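Some notes on the structure that comes next.
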Amino acid sequence: MDNRFATAFVIACVLSLISTIYMAASIGTDFWYEYRSPVQENSSDLNKSIWTDFASDEADEKTYNDALFRYNGTVGLWRRCITIPQNTYWYSPPERTESFDMVTKCMSFTLNEQFMEKFVDPGNHNSGIDLLRTYLWRCQFLLPFVSLGLMCFGALIGLCACICRSLYPTIATGILHLLAGLCTLGSVSCYIAGIELLHQKLELPENVSGEFGWSFCLACVSAPLQFMASALFIWAAHTNRKEYTLMKAYRVA
């Protein structure tokens, strides 16, 4: 194996490993989107109701998003979290004390919630199904797992290529990484579109802002790494095969 191709293969493997770690961390963390809102220091009846509804297994899209807006929420692919006072009161204490230490409460999205239909008017089941938002949500949930699976399968083929001491099988690895990059890019695009459409339906309250979190950024970084690894794998395998064919033809001649 030529040193150029071996170097390209090693660099591609490193890029592939980094992108896999980034993608796995992105899937497993809860900071795809973050809301910033004023701290709610007292526990009124309304606040208590919001917390209770947020923790309910029957919370609909509007219910948990209202809580996310109000209590510095963060959203991942699997979980949603809010930050609330550690100890709650039915009255407003005269001054801030240690009882106002903030804690993070998280609820996991069930599989039913992941595949549940989204409505034109969030929270109103009589408003009709919003097919666009429904399929965007499903794609943003499924595509990262498809991407991770393709990269793992590509790694197995690359391992076989090392055992066989041949770069040719890595063409398949490159193609799988290309498909993985497209899946990651599709997931990121679906998430952005879904968030924008949601905020058109549910406007953010006053003094509340939202931004994409570091989990989302990891997915964004993972996509170009996958494309670069794919390009290196395919280039090394194709060029090495071409030079081998030319050398063989020259020896025959």
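The values are calculated or read from the model by the stated rules, or taken from the named source; none is laboratory data. Small disclaimer: the values here were computed from a predicted structure and weren't measured. In this analysis, Cβ positions are derived from the backbone assuming ideal geometry, glycine residues included, and neighbour counts consider all displayed protein chains. In case anyone asks, the SASA skips ligands and DNA or RNA and just uses the protein heavy atoms, side chains included. Shrake-Rupley method; radii C 1.70, N 1.55, O 1.52, S 1.80 Å.
Of everything in the stretch 118-146 that is β-branched (Val, Ile, Thr) and closer than 23 Å to Ala67 by Cβ, the residue that is surrounded by the fewest Cβ atoms within 10 Å (Cβ to Cβ) is Val120.
Would you confirm, using the coordinates I've provided, whether Phe153 is more than 30 Å from Phe69 (Cβ to Cβ) and among the aromatic types (Phe, Trp, Tyr)? It is true that Phe153 is more than 30 Å from Phe69 (Cβ to Cβ) and among the aromatic types (Phe, Trp, Tyr). Contact map, the stretch 7-21: first residue closer than 15 Å to Ala161 by Cα and open to solvent by less than 50 Å² (accessible area, probe 1.4 Å), second residue outside any helix (DSSP H, G or I) and among the polar types (S, T, N, Q), Cβ cut-off under 7 Å, separation 6 or more or different chains; the map is empty. For the stretch 71-117, filtered to residues that are loosely packed, with under 12 Cβ neighbours inside 10 Å and of a type in the set (D, E, K, R), the residue that is modelled with the lowest pLDDT is Glu98.
In this entry, Ala155 is excluded by the filter for residues that are over 15 Å from Leu17 (Cβ atoms) and of a type outside the set (S, T, N, Q). Do we find a residue being touching a Leu at 6+ places or on another chain (Cβ under 9 Å), buried (at least 22 other Cβ atoms within 10 Å of the Cβ) and either touching a residue at least 60 places away in the same chain (Cβ under 8 Å) or under 17 Å from Leu150 (Cα atoms) (or both) anywhere in the stretch 203-210? Looking through the stretch 203-210, none of the residues is touching a Leu at 6+ places or on another chain (Cβ under 9 Å), buried (at least 22 other Cβ atoms within 10 Å of the Cβ) and either touching a residue at least 60 places away in the same chain (Cβ under 8 Å) or under 17 Å from Leu150 (Cα atoms) (or both).
Just give me the residues in the stretch 22-56 being at pLDDT 90 or above, open to solvent by 20 Å² or more (accessible area, probe 1.4 Å) and small (Gly, Ala, Ser), in sequence order. Within the stretch 22-56, Ala24, Ala25, Gly28 meet the criteria. Restricting to the stretch 152-179, and then to whatever is within 19 Å of the chain's Cα centre (by Cα) and in contact (Cβ under 8 Å) with a residue 60 or more places away in the chain, can you tell me which residue is least open to solvent (accessible area, probe 1.4 Å)? Filtering the stretch 152-179 for residues that are within 19 Å of the chain's Cα centre (by Cα) and in contact (Cβ under 8 Å) with a residue 60 or more places away in the chain, the one least open to solvent (accessible area, probe 1.4 Å) comes out as His177. Scanning the stretch 2-38 for residues that are in contact with a Lys or Arg (Cβ under 7 Å, 6 or more places away or on another chain) and over 14 Å from Leu218 (Cβ atoms) yields a single hit, Ser37. Does Met228 qualify as being outside any loop (DSSP other than H, G, I, E, B), open to solvent by 80 Å² or more (accessible area, probe 1.4 Å) and either modelled with pLDDT of 90 or more or touching a Phe, Trp or Tyr at 6+ places or on another chain (Cβ under 6 Å) (or both)? Considered against the rule, which asks whether it is outside any loop (DSSP other than H, G, I, E, B), open to solvent by 80 Å² or more (accessible area, probe 1.4 Å) and either modelled with pLDDT of 90 or more or touching a Phe, Trp or Tyr at 6+ places or on another chain (Cβ under 6 Å) (or both), Met228 comes out as yes.
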